[in-house]
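Encoded as structure tokens, the structure appears first; notes follow it.
The values are calculated or read from the model by the stated rules, or taken from the named source; none is laboratory data. Note that the structure is a prediction, hence the values are computed from the model and not measured. Glycine gets a Cβ as well: all are built from the backbone with ideal geometry, and neighbour counts include every protein chain shown. Surface accessibility is based on the protein's heavy atoms, side chains included, excluding ligands, DNA and RNA. Shrake-Rupley method; radii C 1.70, N 1.55, O 1.52, S 1.80 Å.
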Amino acid sequence: MSLMTSLPAGYRALVLGASGTIGRGFVEKLTLDDRCAVVERLDRTSVAPLILEEEAAIKLAVNAIASHGPFHLILDATGALTIDGQGPEKRLESMSARSLARAFQINAIGRGLILRECIPLLPRNERCMFGVLSARVGSISDNHLGGWYGYRASKAAGNMLLQTASIESHRTRPHAVFAALQPGTVVSRLSEPFSRGHETVTAENSTTGMLNTLNGLAARPQAWFVDYKGLSIDW
Ligand SMILES: NC(=O)c1ccc[n+]([C@@H]2O[C@H](COP(=O)([O-])OP(=O)(O)OC[C@H]3O[C@@H](n4cnc5c(N)ncnc54)[C@H](OP(=O)(O)O)[C@@H]3O)[C@@H](O)[C@H]2O)c1
């Protein structure tokens, strides 16, 4: 049974960060969907590797798969929390120019460049969706615990880039849905050191929930910020 019933039959999908737990989960689900004609994947192991710190590499990686588009469903499941062996900063004293720059390079600048390169691959006159893996901790209004400076700030910046790209793209792609997605706590390389004591969700249930949620969202100028259960999150 197809999850993406609101997309045209024979829709094409692109998953970025397909080597990660959540990215792999998306690829597995979409490969099993009879209505999905193509599942293209990009990550650091691709022939043209997707390296978020390298603008030229992002361009080359996307160019390498562009002829297989347009893509009705684009999912950016890239992101990092522990970077260069450094976990998230718990206190102001742990924050450094380097820790902030590295988090921004991957979670915000990398995301922005992916949006720039991939939005042209969405069809102009058909329903289509661009979902990016954000995080609830990227919500400014929902920050009750503090800490995780670089990750929180870079996820918030990534959300702003998405929102701004969504508004601009609506003028030429009025049927496109843009959404920042919160997957729940999915045990993965990224979350494993921090997930103890948290209620977790399997990659299977999280990706099913996010696809279901995306399927039901209406196209509008603004991006959505939603969790895998379909509940809205305040920016
Ligand atoms: N898991 C959770 O509980 C959770 C909760 C909230 C939000 N999220 C978000 O969900 C997304 C996916 O997380 P995940 O749990 O699936 O983590 P993951 O298994 O560590 O996957 C992360 C993905 O991002 C890629 N990546 C990281 N740094 C990169 C870089 N510099 N250049 C190119 N690719 C890079 C990884 O590539 P490699 O395989 O080459 O390293 C991998 O494909 C992230 O944006 C994360 O912030 C996750």
## Note on the structure
M129 vs (1) away from the ligand (no atom under 14 Å from the Cβ); (2) open to solvent by 10 Å² or more (accessible area, probe 1.4 Å): all pass except (2)
### Message
Kindly evaluate T5 against the criterion of being open to solvent by 60 Å² or more (accessible area, probe 1.4 Å), of a type in the set (V, I, T) and within 24 Å of R189 (Cβ to Cβ).
### Response
no
### Task
Report yes if some residue within segment 146-168 is hydroxyl-bearing (S, T, Y), in contact with a strand residue (DSSP E or B) (Cβ under 7 Å, 6 or more places away or on another chain) and open to solvent by 10 Å² or more (accessible area, probe 1.4 Å); otherwise report no.
no
### Query
Restricting to segment 85-126, what's the tally of residues that are more than 20 Å from the chain's Cα centre (by Cα), of a type in the set (D, E, K, R) and within 16 Å of the ligand (Cβ to nearest atom)?
2
### Query
In segment 40-54, is there at least one residue being under 16 Å from the mean Cα position of the chain (by Cα), more than 10 Å from the ligand (Cβ to nearest atom) and either more than 23 Å from N159 (Cα to Cα) or in contact (Cβ under 8 Å) with a residue 60 or more places away in the chain (or both)?
yes
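When residues of segment 24-81 are filtered for being open to solvent by 30 Å² or more (accessible area, probe 1.4 Å) and either hydroxyl-bearing (S, T, Y) or not in a loop (DSSP other than H, G, I, E, B) (or both), how many remain?
The total comes to 18.
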### Task
Exactly one condition in (1) more than 10 Å from the ligand (Cβ to nearest atom); (2) of a type outside the set (K, R); (3) within 16 Å of the chain's Cα centre (by Cα) is not met by H170; state its number.
(3)
